[in-house]
Amino acid sequence: MRDEPKKPKLKLETDVQYLKGVGPKLGALLSKRGIRTVLDLLTYYPRAYEDRRAARNIGTLKGDDLVSLKAQVIKVSSFHMGRSKRKIYDVLIRDSSGQIHCKYFRVPYKGYFERFQPFQEVRVVGKVTDYRGKLEFHHPDLRDIEPDEDLQDVLVPIYVEIETLSSTKIARLVRLVLEQLPPEAVPVEKFPAALREKHGLITRWQALQQLHAPSPEDAAALMEQKSAAHRRIIFEEFFWMELYLAARKSGLQKEQGVPIKARGELSERLIKSLPFELTGAQKRVIQEVNKDLAKEHPMSRLVQGDVGSGKTMVALLAALQAIEAGHQAGLMAPTEILAEQHFRNAKKLFEPLGLRVALLTGKSKAKERGELLAALEAGEIHFLIGTHALIEDVVQFRSLGLVIIDEQHRFGVEQRAKLKRKGVSPHFLVMTATPIPRTLAMTVYGDLDVSVLDELPPGRSPIQTRVIFDSKRVEAMNFMAAQIERGRQAYIVYPLVEESEKIDLKNALEEFEKLKTQFPKYKFGLLHGRMKSDEKDEVMDQFRKGEIQVLVSTTVIEVGVDVPNANIMVIEHAERFGLSQLHQLRGRVGRGEHKSFCVMIMGHAVSQEARERTAFMEKTSDGFKVAEFDLELRGPGEFLGSRQSGLPGFQMANLVRDVTTLMEAREAAFDLLKADPKLAKPENEHLRAELFDKHGPTALAGIA
Ligand code: ADP
Ligand code: MG
C-alpha cells in the first residue's frame, strides 16, 4: 500500500478525463456539453431534485405539486408550433391510478424523446401544472428507471443526461469531485465579504456543495429553485453581466464628445409648422435628449415607444439641434423602404428651413453617390438618411454630431466602433422597433439611458382586432371593401418564412391575382422582398398617395411604414407570426384619425399556442404587454432574435422568473462601481480580474 504512486491532487483545472472512472471516451462525451475541467463539472448544475419521500401516484396529483413518480409510457407524439421550426413534444404516461400528459416546448437534447417507447417504465420528476382545469406536466424530468437506484438518499439531484451518460452517473462523478477536492483547490470566493453580507449571499463554494450534495431538509427550497444556493448562483450570473454594463457605461461617460448647444430656433420653427401638437411624452423625451446633447460626453440614449407613438418626431428634433449647432446628423434605418420614407418626410419638413437632406442607400448610383459624398464632406448636406450604407468607410462627414438609429433592437456596438474609427464620437440616439420589457431592456441596453414615449397622439382609438378562421375569409374581404368604399386603404399581409419562401411567395402572388378579379374596381399593389428597390419605391409611393387601395405585401412592411389613411390590415396565416411581429405589423394601421381594424386569418389546424397568441392580440393593444407575454412564451434569446449575440447566456438565472434578483444584482453592481470607480480597492481585486477574464481589456477601459 505504502508504495502506491502518489496520485496528483485534484485541482479545478484538472481535465475530467483523469477522474476515476472517466477516461477519454466519457471525457469526449462530457466535453460535448462544454465540460472539460473539474470546475466545468461543478458548474453543471442539477436541473431538478427528486424527493423520494414524495413519491406519489397520478390519481392523487394536484396543481403545483412537485412530485416524483414511477409510470409507464403510453405514447410519444409531437407537433409543430406555429410558423417556427420548433416542435412540441407530448409524452403520455400512466400508472394504475390514472394518466397524464408531459409537454415539452423545447427539446432537452437531440434524441431525448426517441428513447421512450410504449410500455417503458419511467421516472417522472416535475411540477404539476393546472392548465385550464387539466393537469399536466410541463418539462418534467423523464428518465429510465435505474436498476441501481440508490435508495439510501432521499433527496437526489437530477442532471440533464448527456447522451448515454445518465443523471445518476453524473451525480456520482460530481460527488467524487466534491469529496476529493483538497481545501486549497476550492474555488476562490470572488465576492467581497461586504457584498455578500449586504445581500445575504452564501459563498460560491457553499452554494456548489448544497446544489450537488443537497440536504433533505432543504428539499422544498431546492426543488423550487429558491434555495440559498440557487440565490447565490443566480445573483452571481446577473451580477457579472451588470458589472460589465456598469463598466461600459462609465466608459461611455468618460468618452470625449462634442457638446451640442443650440437655442432651439430651428426646432421651434419646425414645431410651428406641424399640423399637430407634440404629445406630453414627446416633449418630455425631447427635453431629456437635449439635456444629453449639451453634455461633454456623447449621449447614448434609447427611445422606447409603442408603434405609432411618434418616435420619428423626437429624432428629427434632435437632428435639428445638432444642425443648428453647426454639425451634421445621420439617420440609419434597417430597410430601404423605411429609409426612403424618412427621407421624404424629413425633406418635406427640413427644406422649408433651408436645410439639405440626402438619401444614401445601397442602390444609390455611382455618379449621384460621388456627388453626394463630396457634398457631405464639404458640410453642404445637413442631414443624411440611409441604410447600413451610411457607415461605410467612404462616407465622410465634415462634422458628424448625431447618429440616429431607427427601429433597431440592439444598439450597434460594431457600428459605433466603425464610426469612432473615423475619428468622431457622435451622440447616439437609438429608437427601438419593439417595446422591450423593462427587465430585458435593462440587460440588453443596460449601458444606455432610456426614455419612454408612453403616450400615443390624441384621437387614436385602439385598433379593433378580430381573429377568424379561413372559412370566414369572404366576410373579411367584404368588410375590407366597405372600408375602402369610405376612402380608406388596406394592407393584406402574407407570412414569408425563409425555409418556404418560394411556396409562400407563390401563395401571395396567386391570392393577389384572385383578389384583383374579385374586386376589379380597386387598384392593388404588390410588395415583396424580391422586388427591385425602384419597384418597391414606386409601389410605396402610389400607396402613400392613395392611388393604390390595397397593398398586398409580405413582411417587408413590418417596421416603420407610416400611411395614416390605411386603416385596415388583414393578416394571412396569423398563426405563423410571433406576438411581437403581429404587434409590429398591426401597428401599420391606427396611425391616423380613422377607426382602425386588424383581421387575423388562421388556418384550422393550428396549435393551441398559436390560438393563445392571437387571442392575446384580440385582447390587448399595449405593446409592452404584448412584449412581456412574448418574452414569457419564447424566452429572451428568441424574443430578441438570433442577431442578439450580445445577450449573455445564463445557466441558472431566468430573466422572467428572477426579476427581483436581477434588479438587486444590478443595483449592487452599479453601486459598487460608484463606490470604487476603478475597482482599485484590494477587496475588489477579484471583481476586476473576473471582468478582464470575461470581457477582455475593453471592459476595463471604461474603468481605467
Ligand atoms: P413610430 O413611433 O411608430 O415611429 P411615427 O413617428 O412614424 O411613429 O409616427 C406615427 C404617426 O403619428 C405619423 O404619421 C406622425 O406624423 C404622427 N404623429 C407624430 N407625433 C404626433 C402628434 N404629437 N400628434 C399627432 N400625430 C403625430
Ligand atoms: Mg418609426
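The values are calculated or read from the model by the stated rules, or taken from the named source; none is laboratory data. Since this is a predicted model, take the numbers as computed values, not measurements. Note that we place each Cβ from the backbone using ideal geometry, even for glycine, and neighbour counts take in every protein chain shown.
Rundown of residues vs (1) away from ligand 2 (no atom under 11 Å from the Cβ); (2) basic (Lys, Arg), yes/no style:
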position: Gly308; (1), (2): no, no
position: Met313; (1), (2): no, no
position: Met332; (1), (2): yes, no
position: Leu338; (1), (2): no, no
position: Gln341; (1), (2): no, no
position: Lys347; (1), (2): yes, yes
position: Arg356; (1), (2): yes, yes
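In this entry, Pro298 is excluded by the filter for residues that are modelled with pLDDT under 95 and surrounded by fewer than 22 Cβ atoms within 10 Å (Cβ to Cβ). Remark: pairs (first residue in the range 282-310, within 23 Å of Ser250 (Cα to Cα) and in a helix (DSSP H, G or I); second residue among the β-branched types (Val, Ile, Thr) and away from ligand 2 (no atom under 16 Å from the Cβ); Cβ separation under 7 Å; 6+ apart in sequence or on different chains) = Leu293/Ile260.
Of all the listed residues (Arg248, Arg269, Arg231), the sole one being more than 12 Å from ligand 1 (Cβ to nearest atom) and either crowded, with 23+ Cβ neighbours inside 10 Å or over 32 Å from the mean Cα position of the chain (by Cα) (or both) is Arg269.
Can you tell me which of Gln304, Gln321 is within 14 Å of ligand 2 (Cβ to nearest atom) and not aromatic (Phe, Trp, Tyr)? So the residue among Gln304, Gln321 that is within 14 Å of ligand 2 (Cβ to nearest atom) and not aromatic (Phe, Trp, Tyr) is Gln304. The sole residue among Leu390, Leu384, Leu338 that is modelled with pLDDT of 90 or more and either more than 16 Å from ligand 1 (Cβ to nearest atom) or buried (at least 20 other Cβ atoms within 10 Å of the Cβ) (or both) is Leu384.
So if I check each of Phe692, Phe639, Phe650, Phe624, which one is at pLDDT 75 or above and either under 25 Å from Gly305 (Cβ atoms) or basic (Lys, Arg) (or both)? Working first, answer last.
Values: Phe692 fails: either under 25 Å from Gly305 (Cβ atoms) or basic (Lys, Arg) (or both); Phe639 fails: at pLDDT 75 or above; Phe650 fails: either under 25 Å from Gly305 (Cβ atoms) or basic (Lys, Arg) (or both).
On inspection, the qualifying residue turns out to be Phe624.
Here Leu316 meets each of (1) of a type outside the set (Phe, Trp, Tyr); (2) in contact with a strand residue (DSSP E or B) (Cβ under 8 Å, 6 or more places away or on another chain); (3) part of a helix (DSSP H, G or I) with one exception, condition (2). Is it the case, given these coordinates, that Ile88 is touching a residue at least 60 places away in the same chain (Cβ under 8 Å) and closer than 30 Å to Ala610 by Cβ? Here the answer is yes, as Ile88 does meet what is asked. Select, from Gln489, Gln464, the only residue that is touching a Lys or Arg at 6+ places or on another chain (Cβ under 9 Å), modelled with pLDDT of 70 or more, more than 16 Å from ligand 2 (Cβ to nearest atom) and more than 30 Å from Glu296 (Cα to Cα). Testing whether each residue is touching a Lys or Arg at 6+ places or on another chain (Cβ under 9 Å), modelled with pLDDT of 70 or more, more than 16 Å from ligand 2 (Cβ to nearest atom) and more than 30 Å from Glu296 (Cα to Cα) leaves just Gln464.
Has the range 534-557 got any residue that is within 15 Å of Gly308 (Cβ to Cβ) and either within 14 Å of ligand 1 (Cβ to nearest atom) or in contact with a His (Cβ under 6 Å, 6 or more places away or on another chain) (or both)?
Yes, there is a match, as at least one residue in the range 534-557 is within 15 Å of Gly308 (Cβ to Cβ) and either within 14 Å of ligand 1 (Cβ to nearest atom) or in contact with a His (Cβ under 6 Å, 6 or more places away or on another chain) (or both).
Quick check on Ala566: is it within 15 Å of ligand 1 (Cβ to nearest atom) and either surrounded by fewer than 23 Cβ atoms within 10 Å (Cβ to Cβ) or of a type outside the set (Asp, Glu) (or both)? Taking the combined requirement at face value, the residue satisfies it.
Could you go through the range 158-170 and let me know if any residue there is modelled with pLDDT of 90 or more, assigned to a helix (DSSP H, G or I) and crowded, with 17+ Cβ neighbours inside 10 Å. Yes, some residue in the range 158-170 is modelled with pLDDT of 90 or more, assigned to a helix (DSSP H, G or I) and crowded, with 17+ Cβ neighbours inside 10 Å. One residue stands out among those in the range 32-55 that are surrounded by 16 or more Cβ atoms within 10 Å (Cβ to Cβ) and small (Gly, Ala, Ser): the one that is farthest from Phe650 (Cα to Cα), which is Ala54. Residues in the range 88-142 that are over 30 Å from the mean Cα position of the chain (by Cα), closer than 11 Å to Gln72 by Cα and assigned to a strand (DSSP E or B): Leu92, Ile93, Arg94, Asp95, Gly98, Gln99, Ile100, Glu121, Val122, Arg123, Val124.
Residues of the range 584-599 include at least one that is assigned to a helix (DSSP H, G or I) and within 11 Å of ligand 1 (Cβ to nearest atom).
Taken over the range 171-184, the residue count meeting the criterion of being buried (at least 16 other Cβ atoms within 10 Å of the Cβ) and over 30 Å from Lys110 (Cα atoms) is 1. When Lys226 is tested against (1) away from ligand 1 (no atom under 16 Å from the Cβ); (2) touching an Asp or Glu at 6+ places or on another chain (Cβ under 6 Å), just one condition goes unmet, and that condition is (2). Looking for something assigned by TED's automatic domain parsing to the domain that holds Glu485, assigned to a helix (DSSP H, G or I) and surrounded by 23 or more Cβ atoms within 10 Å (Cβ to Cβ) - is there at least one such residue anywhere in the range 537-548? Looking for residues that are assigned by TED's automatic domain parsing to the domain that holds Glu485, assigned to a helix (DSSP H, G or I) and surrounded by 23 or more Cβ atoms within 10 Å (Cβ to Cβ), one finds at least one in the range 537-548, hence yes.
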